[in-house]
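Novice: Input: one structure, supplied below.
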Amino acid sequence: MSDESPHSPDEVLRCHAEALAFFGRGVHAVLPDRWDLPTPDEDWTVRDLVNHLTVEQLWVPPLVDEGLDPAAVGDRFDGDVLGDDPAAAWDAAAGAARRSWERPGALEKRVHLSYGVSSGLAYCAQMTADATVHGWDLARAVGADPRVPESLVAFSLREFGGYSGSLADSGLFAPPVEIPGNAPAADRLLALTGRSPGWRP
């Protein structure tokens, strides 16, 4: 994944907040008996998916605020971090991550990630696009509104377009799905990240 970003800082912060809200609406729509439902991420249940995104948010303060590298963070976020109240765990982690990104200079920092050193801007943009597609995953899985906001579709297509050829190679996404050339932009985003737009649980 590239250290460069095709987005301005203002756009990244605006879309990051929108992506967290989109995913968060899905989290709060999960009924008590739906945490074990399947998702478009083949090996993940709803709880696995929410845990994954929650962990992603938990990593932001130590990496961005404290300047730690992954080795220094170690295993503190391994395993299930959701506890007995997954929605509250998500809200707390997302809120903390958002506060980190909103601090002056956060997007200009050099951040140590698992694949190397990145700009804060590029890291936040990647997290925004990731939360966007996983927001669709979650909404589809639990029967919430799966419509991805148009601004997030456009943002994520530009973000993933910069390294679309290596998405599947990263191990984070399935190979692209073939769809008609005139498919809507949201469907093109989903297909690019290995999702069938018509997926149902």
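Novice: From the list VAL50, VAL46, VAL55, VAL27, pick out the single residue that is farther than 18 Å from ALA96 by Cα and of a type outside the set (Phe, Trp, Tyr). Walk me through it before giving the result.
Specialist: On the way: VAL50 fails: farther than 18 Å from ALA96 by Cα; VAL55 fails: farther than 18 Å from ALA96 by Cα; VAL27 fails: farther than 18 Å from ALA96 by Cα.
The conditions single out VAL46.
Novice: List the residue pairs whose Cβ atoms are under 9 Å apart, where the first residue sits in region 46-70 and is in a helix (DSSP H, G or I), the second is open to solvent by 50 Å² or more (accessible area, probe 1.4 Å) and of a type in the set (Ser, Thr, Tyr), and the two are 6 or more positions apart or on different chains.
Specialist: PRO70/SER114
Novice: Still on this structure, please answer the following. Give the residue, chosen from ALA144, ALA94, that is of a type in the set (A, V, I, L, M), under 17 Å from LEU49 (Cα atoms), open to solvent by less than 50 Å² (accessible area, probe 1.4 Å) and not in a helix (DSSP H, G or I). Step through it out loud before you land on a result.
Specialist: Working: ALA94 fails: not in a helix (DSSP H, G or I).
Being of a type in the set (A, V, I, L, M), under 17 Å from LEU49 (Cα atoms), open to solvent by less than 50 Å² (accessible area, probe 1.4 Å) and not in a helix (DSSP H, G or I) holds for just one of ALA144, ALA94, which is ALA144.
Novice: Need the failing condition index for TRP101 against (1) touching a Cys at 6+ places or on another chain (Cβ under 9 Å); (2) open to solvent by 60 Å² or more (accessible area, probe 1.4 Å), just the number.
Specialist: (2)
Novice: Would you check which residues across region 66-91 are within 20 Å of TYR123 (Cα to Cα) and of a type in the set (Gly, Ala, Ser) and list them?
Specialist: GLY67, ALA71, ALA72, GLY74
Novice: Given the conditions (1) free of Cβ contacts under 8 Å to residues at least 40 places away in the same chain; (2) exposed (fewer than 12 other Cβ atoms within 10 Å of the Cβ); (3) under 21 Å from GLU159 (Cα atoms); (4) not acidic (Asp, Glu), report the number of the one that ALA21 does not fulfil.
Specialist: (2)
Novice: I need the full set of residues from region 26-69 which are of a type in the set (Val, Ile, Thr) and over 18 Å from ASP80 (Cα atoms), in order please.
Specialist: Residues of region 26-69 that are of a type in the set (Val, Ile, Thr), as a first pass: 27, 30, 39, 45-46, 50, 54-55, 60, 64.
Within region 26-69, VAL64 is the sole residue that qualifies.
Novice: Please tell me if ARG34 is of a type in the set (Lys, Arg) and surrounded by 15 or more Cβ atoms within 10 Å (Cβ to Cβ).
Specialist: Values: of a type in the set (Lys, Arg): yes; surrounded by 15 or more Cβ atoms within 10 Å (Cβ to Cβ): yes.
Judged against the criteria, ARG34 is a match.
Novice: Still on this structure, I have one more. Any chance region 98-115 includes a residue that's in contact with a His (Cβ under 9 Å, 6 or more places away or on another chain) and under 26 Å from GLY26 (Cα atoms)? Give the derivation first.
Specialist: As a first pass, look at region 98-115 and keep what is in contact with a His (Cβ under 9 Å, 6 or more places away or on another chain): 98, 101.
Adding the requirement that they be under 26 Å from GLY26 (Cα atoms) leaves 98, 101.
Looking for residues that are in contact with a His (Cβ under 9 Å, 6 or more places away or on another chain) and under 26 Å from GLY26 (Cα atoms), one finds at least one in region 98-115, hence yes.
The values are calculated or read from the model by the stated rules, or taken from the named source; none is laboratory data. Everything quoted here is computed from the prediction, not taken from an experiment. As a convention, Cβ positions derive from the backbone with ideal geometry for all residues, glycine included, and neighbour counts pool all protein chains shown. What goes into the accessible areas is simple: the full protein's heavy atoms, side chains included, and nothing from ligands, DNA or RNA. Shrake-Rupley method; radii C 1.70, N 1.55, O 1.52, S 1.80 Å.
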